[in-house]
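Written out below as structure tokens is the structure these notes cover.
The values are calculated or read from the model by the stated rules, or taken from the named source; none is laboratory data. Quick caveat, the model's predicted, so the values are computed rather than measured. All Cβ positions, glycine included, derive from the backbone under ideal geometry; neighbour counts span all protein chains shown. The accessibility values were calculated without ligands, DNA or RNA, using every heavy atom of the protein model including side chains. Shrake-Rupley method; radii C 1.70, N 1.55, O 1.52, S 1.80 Å.
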Amino acid sequence: MNKRLRALVWLSSLLVIAGTIALIVVGIVVTDDHPLSTLSPVGRQGRDIARLINPIFIVAGVVFFLVQGAVLALWWRYRVGGSESGDGEHGFYEDDEFPDQIHGNDRLEIAWTIIPTILLAVISVFTLVALFALDDVEASEEDMVVTVIGQQWWWEYQYHLDGNTDSPPDFVTANELVIPAGVDVALDIKSRDVIHSYWIPKLNGKRDAVPGRSHDWVIQADNPGRYRGQCTEFCGLSHGYMKMVAVALTPAEFAQWRDNQMTAADAPAEGTAAAAGWDTFRQQCASCHVINGLTSAANRDGPDDSPPDGWDIYGEFNGGDAGPVLTEELVAGAAPNLTHLMTRGTFAGSIFDLYLGAGDHIPYLELANQGTLNRGDLEAWIYNAPERKPADADGKRGMRAFPSLSPEDIDNVVAFLSTLD
Ligand code: HEC
Ligand SMILES: [Cu+2]
């Protein structure tokens, strides 16, 4: 073997070893409080998953090092030393020399068939047990159910406090799923357009949102906190910007949040900037956005109680027996309900913070009072949303741009939105 080739072999082996070590180090660093890490679960279901994958990872790691070790050992033992250093006794061979060749080894072959079979059989038993446990999503009849609806490219949540998903929801919100800590919360996952997948890695595995179907899921968070998520089924242009947050509150805080969500908005006092903003909103925005008490889904331009054909007052398309009807026209169909916009920490598929530097420092229920509004991103969004988050060019997805709004109009609209807490 010539010198250059030998150097190459050395180099690539070193790279493999260094790469493996780097991966492990990165893995360890990343698992330490990474917002989207499934390796640091904080809920019952997340823990069940971690309890399954951690031992498998260790077994796989042992197998990896045994196999790689054997490869390296054999390579070392039978390397060709070349005439300059070869002595024939320490695994060195001359260039044209070969070790004794053998063909077949029954014991070895049976062993390396049976051992992996046993390993895989054991793993599959534990996997099935975990899968069945995760699938056990029976909620009792009266328990709250949240219908989660994916659409390009944000999430809607419809809260059914009595657990009855056949009746209209008690209230509707977007992107931030607020739940009480410490209890199982039943989700009913749907889609208004294409397939999405709901995933809050610290709380549970992912569940697909499939048009025309309804998938049960359940999540639980041990402690209050904000846990990030991401749509994990490629769903078109802005898939990467389709994020969400699960917010767990203490049961008392949750009750407070829930009661507030059920209140309707009031029209701003006459003569204020907010009133001027409401005027603009009524003309430009109410065709898509619902604000309970001020607009309805029906109201495609001004307060009105009767929804247009095929729509219910919650902005749900019901022209059909059940579920969404997919036509070319079917648009993701709805826009976020903005009644309590200011109580959320993020907006637009949770890609922007609604408050500057709020992080976890401001208690969730105090965001609207104590937070400093992220005006820059909010105003830029209202002025030209597609520039911040690409939407389909056909105008049937996402929010359109409003190039005709003057800076003053936008200030007024933001003043109006600021009243929505
Ligand atoms: C054509 C329908 C449509 C119109 C008209 C419209 N929006 Fe939107 N808006 C949307 C959709 C859809 C989203 C969600 C987009 C996303 O996150 O990708 C959205 C998102 C938003 C959000 C973020 C809400 C959240 O919780 O994430 C705000 C704020 C908003 N719009 C304000 C406005 C204002 C103000 C106007 C009027 C100037 C307006 N919208 C007009 C469709 C519309
Ligand atoms: Cu998606």
Ignoring ligands and nucleic acids, ASP279 exposes an accessible area, probe 1.4 Å, in Å² to the nearest 10, of 70 Å²
Non-local residues with an amide H under 5 Å from the amide H of ALA209, with H modelled 1.01 Å from N and Pro and chain starts lacking one, are HIS196, SER197, TYR198
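How much net charge surrounds ILE410 when only the other residues with a Cβ under 10 Å from the Cβ of ILE410 are counted, with Lys and Arg +1 and Asp and Glu -1?
Result for the neighbourhood of ILE410: -3.
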Descending packing, highest mean Cβ count within 10 Å first, for 341-352, 163-174, 231-242 is 341-352, 231-242, 163-174
Of HIS340, HIS215, ordered by accessible area with the largest first and a 1.4 Å probe, the sequence is HIS215, HIS340
Measure of exposure for LYS202: accessible area at 1.4 Å probe, Å² rounded to 10, is 20 Å²
Ranked output for segments 72-80, 409-417 by mean other Cβ atoms within 10 Å, highest leading, reads 409-417, 72-80
Ignoring ligands and nucleic acids, GLU387 exposes an accessible area, probe 1.4 Å, in Å² to the nearest 10, of 140 Å²
